[in-house]
Structures are given as structure tokens and as C-alpha cells.
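Working notes for the structure below.
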Amino acid sequence: MKFTDTLKKNYEFQRLYSKGKSAVNPYLVVYARKTKKRDMRIGFTVSTKLGKAVVRNRVRRRLREIYRLSEERFAPGTELVVVARVKAVRATYAQLQDAFLGSCEKLGILRERSENK
């Protein structure tokens, strides 16, 4: 994630939950908010409801990798929080990828295809 900083503070997450737009699917909830800054910021939330640490870390690693591989598609100046749901544990990588990118597209934070080139 070379272009991205991570959200770490509780108040940063709370601000996105209250002021950001959200997109929901069976695997994830994605909260997004446009900012005036040029950098991208992202945070991941994986609750203990999903399982023990090994399971939670696997889900978190998959989500981070999905974001890393599609990082250049995101519009600059966006803050994101990705909240994993219980079904994310049993989901395949492709299902998580479709869910994540579909939610981001629904929120309008992905660049158009012509801008990527």
C-alpha cells in the first residue's frame, strides 16, 4: 500500500461511521468519505465475532491484499473503513474481491477506466 496511510485512532473510525457513506453486502460493509487531502487512508475492522486471532488475521490479510492490488483504481482524497462480516470467514478470495470492489463502485470512489491508463 505505497500510496495509502492507515487509520489507527478510534475517533478517525468513529468519524467515518457517522459522517461517511456506506455500502453493505453479505461479506463486508464499506464506509467512505471524501476529504480535501490528496492522500488515501484506509482502516480495517475485523471483530472477535468472526473467530479466533488466526481467522481474523486471515480475513484482514486478504482484504489488505485486495486493496493493495487495486490501489491505483481509487480516487485520491478518500478515507475508507472496511468492516468484515461473519460470512467473510468462509468466502473465497474472489468473492471478497467482488464484494469489496462492488461496494466501492457503488459508493463512487473508483476512478473511471479511462483515467487508469
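The values are calculated or read from the model by the stated rules, or taken from the named source; none is laboratory data. Small disclaimer: the values here were computed from a predicted structure and weren't measured. Every residue, glycine among them, receives a Cβ derived from its backbone with ideal geometry; neighbour counts consider all protein chains shown. Only protein heavy atoms, including side chains, enter the accessible area calculation; ligands, DNA and RNA are left aside. Shrake-Rupley method; radii C 1.70, N 1.55, O 1.52, S 1.80 Å.
For the structure I just gave you, tell me whether G43 is more than 15 Å from the chain's Cα centre (by Cα) and open to solvent by less than 40 Å² (accessible area, probe 1.4 Å). Steps first, please.
Values: more than 15 Å from the chain's Cα centre (by Cα): no; open to solvent by less than 40 Å² (accessible area, probe 1.4 Å): yes.
When the stated conditions are applied, G43 does not pass them.
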- Task: Any chance you could count how many residues in region 66-117 are among the aromatic types (F, W, Y), in a helix (DSSP H, G or I) and either without any contact (Cβ under 8 Å) to a residue 40 or more places away in the chain or more than 17 Å from T4 (Cβ to Cβ) (or both)?
- Result: 1
- R60, sole failed condition from (1) charged (D, E, K, R); (2) assigned to a loop (DSSP other than H, G, I, E, B); (3) modelled with pLDDT of 95 or more: (2)
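When you look at Y11, is it touching a residue at least 60 places away in the same chain (Cβ under 8 Å) and in a helix (DSSP H, G or I), yes or no? Step through it out loud before you land on a result.
Working: touching a residue at least 60 places away in the same chain (Cβ under 8 Å): no; in a helix (DSSP H, G or I): yes.
Against the criterion (touching a residue at least 60 places away in the same chain (Cβ under 8 Å) and in a helix (DSSP H, G or I)), Y11 does not qualify.
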- Message: Taking the conditions exactly as written (over 23 Å from T92 (Cβ atoms), open to solvent by 40 Å² or more (accessible area, probe 1.4 Å) and not aliphatic (A, V, I, L, M)), does K36 satisfy them or not?
- Response: yes
- Restricting region 67-112 to residues that are closer than 16 Å to K21 by Cβ and among the small types (G, A, S), the one surrounded by the fewest Cβ atoms within 10 Å (Cβ to Cβ) turns out to be G108
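Given the criterion under 10 Å from the mean Cα position of the chain (by Cα), more than 13 Å from I109 (Cα to Cα) and surrounded by 15 or more Cβ atoms within 10 Å (Cβ to Cβ), identify the matching residue among R64, R15, R56. Even if it seems obvious, please write down each step before you answer.
Working: R15 fails: under 10 Å from the mean Cα position of the chain (by Cα); R56 fails: under 10 Å from the mean Cα position of the chain (by Cα).
Answer to the check: R64.
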- Pairs where the first residue, in region 28-41, is at pLDDT below 90 and the second is open to solvent by 70 Å² or more (accessible area, probe 1.4 Å), C-beta under 9 Å, 6+ apart: D39/F3; D39/D5
